Amino acid sequence: MDKNGLIIDLRDVSFGYPGRAPILDQLNLSFYEGDRMGLMGPNGSGKTTLFHVIMGLLKPSSGRMEVFGRPVQEEKDFGEVRQKIGLLFQDADDQLFSPTVLEDVAFGPLNLGKSQDEAKAIARGTLESLGLVGFEERITHKLSGGEKRLVSLATVLAMEPDVLLLDEPTTGLDEATEGRLVEILQRLDLSFIVVSHNIDFLMKTSEFITYMARGKISLDEESIPHTHIHIHKHGKYEHKHNHNGADTHKKK
Amino acid sequence: MGDRFNGDDNRMIGEGFASTDSLIYRLDPRVKIVVVFFFSVIVAVSNRFFVLMLALGLSLCIVLLARVPMRQLLRRLVPVNLFVLFLWLFLPFTIRGEPLFSIGPLVGTHPGVLYAARISLKANTIVGVLIALVGSTSILTLGHAMHELGVPKKIVHLFFFTYRYIHVIHREYLRLVSAMKVRGFQPATNVHTYKTYAHLVGMLLVKSADRAERVRNAMLCRGFRGRLYSLSEFSLRKIDVISLVVMLACVVVLGLLEWTKTV
C-alpha cells in the first residue's frame, strides 16, 4: 500500500463508446484509506461506469490507474483488486446467483482458495455479523428485496475486502432496512465510496460528498454533510429559521 | 393471457411432489437419477407389449411408494397425454399396413394403432417415474447429484442458472405484460398483436442477455475463475444401495424379456 494511504488513484481516465459523448471524461480521483465518500450526480453521469472501471470490468480508453500503489491495466492485474475491493451491484438479483444463501456467500471465499469448511465458517460468520442468522438455507430468489440487499452485502463482505464500492444501495429499501444498512456501514471498519441520490443516507454514512457530472468528479464542489441539532420550546411545530435567529412558526 | 400469472410466481416451477416421509423421498438423489436414466432408456427402446405393461406396473408401484398426491400426478400427466392424443389422431392413418377400421375415406391400420398404443404406454410409464423420483427432489439437490455423478460441469451450471434466473426472467415478463395491459393492450388476431408479442419476446431476450452480462461481472468481482464449488455432500446408506440394486435388477429383467422374447 502507498505510504500515505492512497488506495485508488485515477489520472485522466476516459471511457466511452465510439460516436457518443464520453461517459468518463479525463476523470481524476484520489481515494485514501479510511475515506468514506459519498458520490452524487445525475443519471448517466458515469457513476456506475466509474465503479466498473475500477473493478476492471470495463477497460478505459485512456488514462492511468493505480490501485493499492500498483498500476492496473490487464485482466490479470485485477485479481488482487477484486479481492480487496468489493462492489455491491445496483440490482441484488445480479449478485445472488447461487440457489441458497450460504452457497452464495461462500462462493467468494471458495474462489479465494479456502476449503469448504473454512468457506462455510466465513459465510456463517458474515451472515451473523449482519444479523442474518437462520438465512443459510433460504432460497436466494425467494428473499424479499431488503433481504436480498443485505445478503448481497454479506457476499461482498465475505471476501474480507478493504474497500467497498456501493452502487445505490438504498434503492427499493424501506426505512427500516435502510436504517439497518446505515447502522452496518457505520459499524464496519472499512473505507467506502457510496453512490446514492439519497442525501439523508449519505449524511449518515459519509464524511464528505463529491459530485459527478459529465464524466468528471468535481472536487471543488466537495461538501461536508452536517446537521444542526437544536432545541427550543417551539420544536414540535414545523418551522423555518431566519438568519437573524428569529423563528417563523407554522401551525400544522 | 396475464391473469394466470398474477398470483405467486413460484407456481410456475413446482418442486417436491412426494410426501416428505416416504421412502422414495429420502433416497439418495444419485440413486434416483441413475434409476430414472436406465429405466427410461429400457422403456424407450422396448417394443413388446408384455414388457411395456410390466414397466407401467413398476412405474405405478414407484408412484404409489412415493405417495404422490393424485391431483398433482394427474395435473402433470394431462399435458403428456394431450400430446399422446395428438399422435392418436395421425399415427393410425399414416402408417401403412393391414387395415383395421375406416372413418369415411380414412383407413386406420393395424400397425398404426399398435404404434400409437406403444407410445402412449411408454410416455406415461416414463413420466410416472420422473414425477415420483425426480419430482421428489429439489432442483438444488438434483444439480449437486448430477455433479457428483460426473455430469459435465457446463451442463450442471446451465441447470443451476436456468433454475435461478427463470424466475427473474418470468418476473420481467410479467412486468412487461402489465406495462402493456395498463396501456390498454388487448390481444387479438391482427398485425398489431403479433408485432407487440414480437417486441415482448425481443425485449425479454435483450434483457436476459444484459442480465447474463451483469451476473458474470458480479461473479468476476468475487474472484470467479470458471469453477463452481458445491457445499453439499451425499452419503450412500444401506437402503440406497438396496434400492439401486433392486431397481437395476428390474431394468435388467425388462431388458432380458425384451430381447430374448422368453415368456
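What follows is calculated from the coordinates using simple rules that are stated; it is not laboratory data. Please read these numbers as outputs of a predicted model, since none were measured by experiment. We place every Cβ from the backbone using ideal geometry, glycine too, and count neighbours over all the protein chains shown.
Here are a few things to note about the model shown:
- For the range B:17-79, alpha-carbon Rg relative to the globular expectation (2.2 N^0.38 Å, N residues): 1.21
- Pairwise label distance in nanometres, A:V133 with B:R26, each label 7 Å out on the Cα-Cβ vector: 3.0 nm
- Computed helical MRE - 222 nm, chain B, DSSP H runs ≥ 4 contributing -39500 (n - 2.57), nearest 500: -23500 deg cm²/dmol
- For A:D25, the shell of other residues with beta-carbons less than 10 Å away shows a net charge of +1, using +1 for Lys and Arg and -1 for Asp and Glu.
- Taking A:G125, A:G63, A:G113 as the candidate residues, the one with maximal mean-square fluctuation in a Gaussian network model of chain A, Cα springs under 10 Å, is A:G113.
- 40 Å tail of the calculated P(r), the protein assembly as shown, as % of Cα pairs: 43 percent
- Over chain B, Cα pairs under 8 Å with separation of 6+ residues give a relative contact order of 30 percent.
- Average beta-carbon neighbours from other chains, 10 Å sphere, peptide A:87-97: 6
- For B:M146, net neighbour charge (Lys/Arg +1, Asp/Glu -1) across residues whose Cβ lies under 12 Å away: +3
- Normalising by residue count, chain B has a Cα convex hull of 197 Å³ per residue.
- Translational D in µm²/s for the range A:124-194 (Stokes-Einstein at 20 °C, 1.002 mPa s, Kirkwood Rh from C-alpha pairs): 170 µm²/s
- Springs join every pair of Cα atoms under 10 Å in this Gaussian network model of chain B, and among B:S102, B:S59, B:S40 the largest mean-square fluctuation is at B:S102.
- The Cβ shell under 11 Å around A:A106 holds other residues with a net charge of -1, Lys and Arg each +1, Asp and Glu each -1.
- Among the listed pairs B:K153/B:K238; A:K204/B:K181; A:K114/B:K207; A:K148/B:K195; A:K59/B:K181; A:K114/A:K216, those beyond 31 Å (Cα-Cα): A:K204/B:K181; A:K114/B:K207; A:K148/B:K195; A:K59/B:K181; A:K114/A:K216
- Convex hull volume per residue for the range B:70-122, taking Cα atoms only, in Å³: 80 Å³
- Measuring nothing but how far apart in sequence close Cα pairs (under 8 Å, 6+ apart) lie, relative to its length, the range B:123-263 scores a relative contact order of 19 percent.
- Shielding by partners for peptide A:109-119, expressed as the average number of C-beta atoms from other protein chains within 10 Å of each residue's C-beta, is 3.
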